[in-house]
Amino acid sequence: MRELTPSLARDAFHELDLVLKSPLTLVLGGGTAMALGYRIPVRTTDADAYPQGASLETIDPLVKRVAAKLGLSKDWLNPHYATFAHVLPSDYGSRLKDVFVGDRLRVRALGAEDLLIMKAFAGRAKDVGHARALLKRKPDLGLVERRLQELADRRVPGAREALDFFDDIQG
């Protein structure tokens, strides 16, 4: 699978912009958001993004067309992380950061705080370095801790482990 470098990601978003028939906003998380939004070097093969106001099924043929043109995996645009978006604070939209704006496509990266929350929930070994790199961007750690604690208090599955992960990366 071809690595999705920041340059290649921008090219892919540009190509997608060219074939879209109507406006679309993608909310970007994961490694591609870290690379494009915060200049954190991360190796990834996909863009974790979900469409706002549309379903991925409606744009899937266009995503595959871009993949074929650029030699990317057919699922280079991966909406899977949307299933974890429920852990984000309700105001996460206020921290979204534009990383690509075309004629029809707008790609917005999660804020550093929201990426930290998602990384804490993922809790994988590779997320430790990513989370520590985000800490260097001076995010509002109080916001992150309050949200993780709120989720833990509500007994959301994985929240206690996410809070422990967050405590560990700060040490």
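Rundown of residues vs (1) closer than 18 Å to T32 by Cα; (2) at pLDDT below 95, yes/no style:
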position: V66; (1), (2): yes, no
position: L70; (1), (2): yes, no
position: S73; (1), (2): yes, yes
position: P79; (1), (2): yes, yes
position: S90; (1), (2): no, no
position: V99; (1), (2): yes, no
position: R104; (1), (2): no, no
position: R108; (1), (2): yes, no
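For region 140-158, check the following and say yes or no: at least one residue is open to solvent by 30 Å² or more (accessible area, probe 1.4 Å), under 16 Å from L28 (Cα atoms) and in contact with a helix residue (DSSP H, G or I) (Cβ under 7 Å, 6 or more places away or on another chain).
No: zero hits.
Which condition from (1) on the phi > 0 side of the Ramachandran plot; (2) in contact with a Phe, Trp or Tyr (Cβ under 7 Å, 6 or more places away or on another chain) is the one that L105 breaks?
Tallying (1) on the phi > 0 side of the Ramachandran plot; (2) in contact with a Phe, Trp or Tyr (Cβ under 7 Å, 6 or more places away or on another chain), L105 fails exactly one: (1).
Consider D167 carefully, then state whether it is assigned to a helix (DSSP H, G or I), free of Cβ contacts under 8 Å to residues at least 60 places away in the same chain, loosely packed, with under 13 Cβ neighbours inside 10 Å and not β-branched (V, I, T).
When the stated conditions are applied, D167 passes them.
Taking V156 as the residue in question, decide whether it is in contact with a strand residue (DSSP E or B) (Cβ under 8 Å, 6 or more places away or on another chain), among the β-branched types (V, I, T) and at pLDDT 95 or above.
No.
Looking at (1) under 23 Å from L134 (Cβ atoms); (2) open to solvent by 20 Å² or more (accessible area, probe 1.4 Å), which one does A47 not meet, given that it meets all the others?
(2)
Suppose we filter region 6-21 for residues that are of a type outside the set (A, V, I, L, M), within 14 Å of T32 (Cα to Cα) and touching a residue at least 12 places away in the same chain (Cβ under 8 Å); how many remain?
4
Condition first: over 12 Å from the mean Cα position of the chain (by Cα), crowded, with 18+ Cβ neighbours inside 10 Å and either among the small types (G, A, S) or not in a loop (DSSP other than H, G, I, E, B) (or both). Now tell me which residues in region 71-91 satisfy that.
Selection gives V87 alone.
Within region 115-150, track down each residue that is free of Cβ contacts under 8 Å to residues at least 60 places away in the same chain and under 14 Å from S90 (Cα atoms).
I117, L143, V144, R146, L148, E150
Among L36, L116, which is the only one that is in contact with a Pro (Cβ under 9 Å, 6 or more places away or on another chain), in a helix (DSSP H, G or I) and open to solvent by 20 Å² or more (accessible area, probe 1.4 Å)?
L36
Restricting to region 50-64, count the residues that are of a type in the set (D, E, K, R) and surrounded by 15 or more Cβ atoms within 10 Å (Cβ to Cβ). Walk me through how you get there before you give the answer.
Looking only at region 50-64, we keep the residues that are of a type in the set (D, E, K, R), and these are 57, 60, 64.
Still in the list and also surrounded by 15 or more Cβ atoms within 10 Å (Cβ to Cβ): 64.
Number of matching residues: 1.
The values are calculated or read from the model by the stated rules, or taken from the named source; none is laboratory data. Predicted model, so just to flag it, every value in this text is computed and none were measured. Neighbour counts are summed over all protein chains in view; Cβ atoms, including those assigned to glycine, are modelled from backbone coordinates with ideal geometry. These area figures cover heavy atoms from the full protein model, side chains too; ligands, DNA and RNA do not enter into them. Shrake-Rupley method; radii C 1.70, N 1.55, O 1.52, S 1.80 Å.
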